[in-house]
Amino acid sequence: MTPEPDIVIIGAGAAGIGAARRLAGSGLSILMIESLPRIGGRAWTFKTPVGTVDLGCAWLHSADRNPWTRIAEESGFAVERRPSAWSRQFRELGFSREEQDAAHQAFAEWSERLATNPPASDRASDALEPNGSWTPYLQALSGFISGDELERISAKDYVAYDAASTATNWRVPAGYGTLIASSLPGNVEVHLDTPLRSLALGGTGIELQTSRGPLQPRAVILTVSTNVLSGDTIAWPSALEPWRDAAARLPLGANEKIFLEIVGDSPFVPESHVFGNPHDPETGTYYIRPLGSPLIECFLGGAGARSAVADGKDAAFARAVDQLAALFGSSVREYLRPLAASEWRRVPSIGGGYSHALPGQADARIALARPFDDRLFFAGEATHRSDFSTAHGAYQSGVRAAEEAMHALLPMSR
Ligand SMILES: Cc1cc2nc3c(=O)[nH]c(=O)nc-3n(C[C@H](O)[C@H](O)[C@H](O)COP(=O)(O)OP(=O)(O)OC[C@H]3O[C@@H](n4cnc5c(N)ncnc54)[C@H](O)[C@@H]3O)c2cc1C
């Protein structure tokens, strides 16, 4: 490893790659270290015997202003602009048209209350209708959107995302993870399987201890998740307590995916969707044969995702098959086989799905994004004020941190 580069980027996820792309051509020497044996972090297109699946990010959210859309187009990746099937319940199975209308109305009214008459507590659950019959449905949506129960979600933070989102969602058929991983500039020195073990602040520079030895850069761009920053896998100096405290107020929720292979001549229609059980806050939501592929993607959030990891993959596959059998009839069991499942919560260098602010803590994103002493710059999805929890927010945060580092190290760029 080059022991004294100008900048070390910790983490090869979307934020680290955004930083590396912005620094390319700056004249500063950069080196990237990554704990995992692959590039991409929570962007991971995984090969299965029947095609690839995105275990992490899959949708270009706010796609019409998402920098990854431009990068995809510039680098020759196809972008699928067909609208998602999320809002339609296939053949109204287990969720009648009237019920769907009522559930969507309950969500719209709750969202409106959050935006126009937010609860003084900043607790998103305090905007629920008392004893509302669609509360379990709204809790399930909170799991998918924020990874946690509404009692633990800041209304202000939720609204900031919602107001900035353009609600345009596109896909990259080759895989969002493939796009992100292949976007790291080829000339960046990257060391995979190289966890940072400790970070110390010397007189002027920064001292890093990694599994492959020490590094002494002039500056560091830190992109690790909030659970890693607030946890104990890395030894931190006490001067970083305010940043670790901010990270603890922006925990990762729980989000996981389970994929089932479809075999034989099944009744599953391409690009269709079912909500498993709209009355169960732990339900999965099922995207059937996305882009025609022979599989079903089950998305879990909050309590449902926590149970999937705690109970193990076999139990999670069985629960997904049971839920589909309850909707389509028991005969569909013969067409379904376990294919792949994520366990983001168990990956020590990640620790969960994506960040949300706890009630009253939306401003922690601003606190987390502040540089330390023109030497240490913070990036990662959680540092974005409105596009947090996404791959494009992560990318933009990396670009922002890279510009801060350039201003600090290259006075001419001020
Ligand atoms: C199930 C799921 C579905 C999602 N769906 C979408 C979606 O459809 N669209 C969307 O936009 N977003 C989605 N997201 C969110 C998106 O994937 C993330 O917001 C984004 O990828 C985060 O990028 P990042 O660079 O901030 O963090 P990360 O990807 O976590 O990158 C940080 C990197 O730092 C590394 N690291 C940690 N500790 C160390 C250490 N000690 N030393 C060295 N390296 C270390 C980690 O291994 C990791 O690779 C989803 C996430 C999940 C989990």
Among the residues of the stretch 207-225, the number that are assigned to a loop (DSSP other than H, G, I, E, B) and within 13 Å of SER29 (Cα to Cα) is 3
State yes or no: is PRO348 assigned to a loop (DSSP other than H, G, I, E, B) and open to solvent by less than 10 Å² (accessible area, probe 1.4 Å)? no
Determine, yes or no, whether LEU229 is open to solvent by less than 40 Å² (accessible area, probe 1.4 Å), in a helix (DSSP H, G or I) and either of a type in the set (Asp, Glu) or touching a helix residue (DSSP H, G or I) at 6+ places or on another chain (Cβ under 8 Å) (or both). yes
Scan of the stretch 233-245 for residues that are within 15 Å of the ligand (Cβ to nearest atom) and either surrounded by fewer than 14 Cβ atoms within 10 Å (Cβ to Cβ) or touching a residue at least 40 places away in the same chain (Cβ under 8 Å) (or both), ordered by number: THR233, ALA235, LEU240, TRP243
MET406 is checked against (1) in contact (Cβ under 8 Å) with a residue 24 or more places away in the chain; (2) open to solvent by 30 Å² or more (accessible area, probe 1.4 Å); (3) outside any loop (DSSP other than H, G, I, E, B); (4) more than 30 Å from ILE262 (Cβ to Cβ) and fails just one. What number does that condition carry? (2)
Of the residues in the stretch 366-403 that are open to solvent by 50 Å² or more (accessible area, probe 1.4 Å) and either near the ligand (Cβ under 8 Å from one of its atoms) or among the basic types (Lys, Arg) (or both), the one that is farthest from ALA14 (Cα to Cα) is ARG370
Among the residues listed as SER75, SER26, SER84, the single one being assigned by TED's automatic domain parsing to the domain that holds ALA369, in contact (Cβ under 8 Å) with a residue 40 or more places away in the chain and hydroxyl-bearing (Ser, Thr, Tyr): SER26
Test SER62 against the criterion of being open to solvent by less than 50 Å² (accessible area, probe 1.4 Å), more than 7 Å from the ligand (Cβ to nearest atom) and not aliphatic (A, V, I, L, M), and give yes or no. yes
Condition first: open to solvent by less than 20 Å² (accessible area, probe 1.4 Å) and more than 7 Å from the ligand (Cβ to nearest atom). Now tell me which residues in the stretch 29-39 satisfy that. LEU31, MET32
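The values are calculated or read from the model by the stated rules, or taken from the named source; none is laboratory data. Since the structure is predicted, the reported quantities are computational estimates derived from the model, not experimental observations. Cβ atoms come from the backbone with ideal geometry, glycine included; neighbour counts cover every protein chain shown. Note: accessible area is taken over every heavy atom of the protein model, side chains too, but ligands, DNA and RNA are not part of it. Shrake-Rupley method; radii C 1.70, N 1.55, O 1.52, S 1.80 Å.
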